[in-house]
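Only one structure is covered here, and it is reproduced in the block below.
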Amino acid sequence: MKKLFLCVIVLSISIITKSQTTQVEIIDLAVNPGIRADMQSDTTDLIVLFKINNVNIAAKAYYYFGTVQDAGDVLSVTGNIIEQSATYYLQVNGVQKEILGYTATAFIKLSNVQNAGFHYLTVFVEDNNGLITDKLYFHK
């Protein structure tokens, strides 16, 4: 009887946990230096890309540049995922890029101090129900 009760509890927790997981998935984080026409010597442009599945229920993308994982103590940037005429875009710092295939791209400008100060980039997406994806990490 105790084993049955324990089994019911474990299954209940599993069902509750599963129901609070977003269907949005992200993978394959890539960070590359960017070259732009308006380059300033005191800034660094980064091109941040990741692949996203179920973009139709995604709402926001979060970029945390930090000294440790999950921290935005150097810089925090939030992008909006928007839909226009059945096409999805990622808008970050006023720059809107179409999500092509499954690839979302963001251009993020850091000061040289911020670029030198961050060791980790944490990226995750929030869906339109407020649930978040697994986090992706880049270590410099």
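Here, each number is a calculation from the coordinates, and none is a lab measurement. Since this is a predicted model, take the numbers as computed values, not measurements. Positions of Cβ are backbone-derived with ideal geometry, glycine not excepted, and every protein chain shown enters the neighbour counts.
A few comments on the model shown:
- Distance distribution note for region 24-139: the fraction of Cα pairs above 23 angstrom is 25%.
- Size of charge dipole - region 24-139 - debye, nearest 20, with Cβ of Lys, Arg +1 and Asp, Glu -1, no other charges: 140 debye
- Other-chain or far-sequence residues with amide H under 5 Å of residue 135's (modelled H): none
- Sum of side-chain charges, residue 132 neighbourhood, beta-carbon under 10 Å (Lys, Arg +1; Asp, Glu -1): -1
- Were the residues from residue 71 through residue 42 laid out at 0.36 nm apart, the gain over their Cα-Cα distance would be 8.1 nm.
- Exposure proxy order (Cβ contacts within 10 Å, fewest to most) of 113, 48: 113, 48
- Charged neighbours of residue 66, selected by a Cβ distance under 14 Å, balance to 0 (K, R count +1; D, E count -1).
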